[in-house]
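The values are calculated or read from the model by the stated rules, or taken from the named source; none is laboratory data. Bear in mind that the values here come from a model prediction, so they are computed numbers and not experimental data. We place every Cβ from the backbone using ideal geometry, glycine too, and count neighbours over all the protein chains shown. Ligands, DNA and RNA are excluded from the accessible area calculation, which covers all protein heavy atoms including side chains. Shrake-Rupley method; radii C 1.70, N 1.55, O 1.52, S 1.80 Å.
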Amino acid sequence: MYEVILASGSPRRKEILEQIGVAFRIVTSDKEEVMKDEDPAGLVKDLSRMKAKDVALKIGAESIIIGADTVVAHKAKVLGKPKSREEAIQMIESFQGDSHEVYTGVCIIIKDAEGKEQEINFAKATKVNVCPMTRSQIEEYVDTKEPMDKAGAYAIQGKFAPYIAGIEGDYYNIVGFPISAVYQSLLEIGIDLKNLR
């Protein structure tokens, strides 16, 4: 029986896995994220793979290790987590009244009983349309401190919700974990995540 390992400390990813009834434990990667200058889909695929591979080294056989990473991209510029209040304000100012894309990369490593590895690595994109915002609305939101650990400096499931005009694609991808794509890709190779107890 496989043990499911979430290679992420994200509370959102934890909640989503719990929401669908998956039994799992969390083992985080010690590797530092390096933002190479490349396309957002390639970047999140690489970062999720790095996390999953790092955690896979610490985990025994009969395991499913799931790594994920999310970035926001606006006009081909990748927006990671803001390093300061001013950077958070600048990020939101750049895409208010406009649309941007959220990319989440997922890497799933399946280790069989002999320890042999099979890998699934993909990226999903969701388009997000943001309402026009005033500088004071942006500052008021940033001062809640919610944006500081979020790619793109906002949380769609949090206090930023009033400024989301609409989305095109998977909502859970924006939260940072495209659970349907994860579940279906494992189902295709005969593994039902929900039946691993």
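Using a Förster distance of 25 Å, how high is the FRET efficiency between Tyr183 and Lys145, based on the Cβ-Cβ distance and rounded to 0.05?
Working from the Cβ atoms, E equals 0.15.
Out of these labelled values of percent of Cα pairs over 32 Å apart, (i) 29; (ii) 18; (iii) 22, which was calculated from the coordinates shown here?
Entry (ii).
Scan segment 9-61 for GluC sites (Glu not before Pro) in coil per DSSP, keeping those whose Cβ has at most 12 other Cβ atoms within 10 Å, and list them by number.
Those that pass, being in a loop and sparsely packed, are Glu32, Glu38.
What accessible surface, in Å², does a 1.4 Å probe find on Asp39, ignoring ligands, DNA and RNA and rounding to the nearest 10?
90 Å²
Any lysines with Cα under 29 Å of the Lys58 Cα? List them, leaving off those in the same chain fewer than 8 positions away.
Result set, ordered by chain and number: Lys14, Lys31, Lys36, Lys45, Lys81, Lys111, Lys116, Lys124, Lys150, Lys194.
Work out, step by step, the length gained on full extension between Ser136 and Asn195: first 0.36 nm times the residue separation, then minus their alpha carbon distance; give nm to one decimal.
Full extension of this stretch gives 16.4 nm more.
Grab the Cα-Cα distance for Glu119 and Ala161, subtract it from 0.36 nm times how many residues apart they are, and report the gain in nm with one decimal.
Length gained between Glu119 and Ala161: 11.6 nm.
How about segment 1-94: which trypsin sites (Lys or Arg not before Pro) there are in a DSSP loop, with at most 11 other Cβ atoms within 10 Å of their Cβ?
Passing both the DSSP loop test and the Cβ count: Lys36, Lys75, Lys83.
So, for segment 59-185, what is the accessible surface per residue at a probe of 1.4 Å, expressed in square angstrom?
Spelled out: the 1.4 Å probe surface of segment 59-185, per residue, equals 43 Å².
Quick one: 3J(HN,Hα) in Hz for segment 72-78, Karplus 6.51/-1.76/1.60 with θ = phi - 60°, rounded, Gly and Pro as x.
10, 10, 10, 6, 6, 9, 7
When only DSSP loop residues count, what GluC sites (Glu not before Pro) in segment 63-115 have their Cβ near at most 11 other Cβ atoms within 10 Å?
Within segment 63-115, the qualifying GluC sites (Glu not before Pro) (loop, at most 11 other Cβ atoms within 10 Å) are Glu114.
Taking a 21 Å limit on the Cα-Cα distance, which of the listed pairs Lys77/Lys159; Lys53/Lys127; Lys83/Lys145 fall beyond it?
Too far apart for the 21 Å limit: Lys77/Lys159; Lys53/Lys127.
Which whole-Hz ³J(HN,Hα) couplings does segment 112-120 yield from phi under the Karplus relation 6.51 cos²θ - 1.76 cosθ + 1.60, θ = phi - 60°, glycine and proline marked x?
7, 4, 8, x, 5, 10, 10, 10, 10
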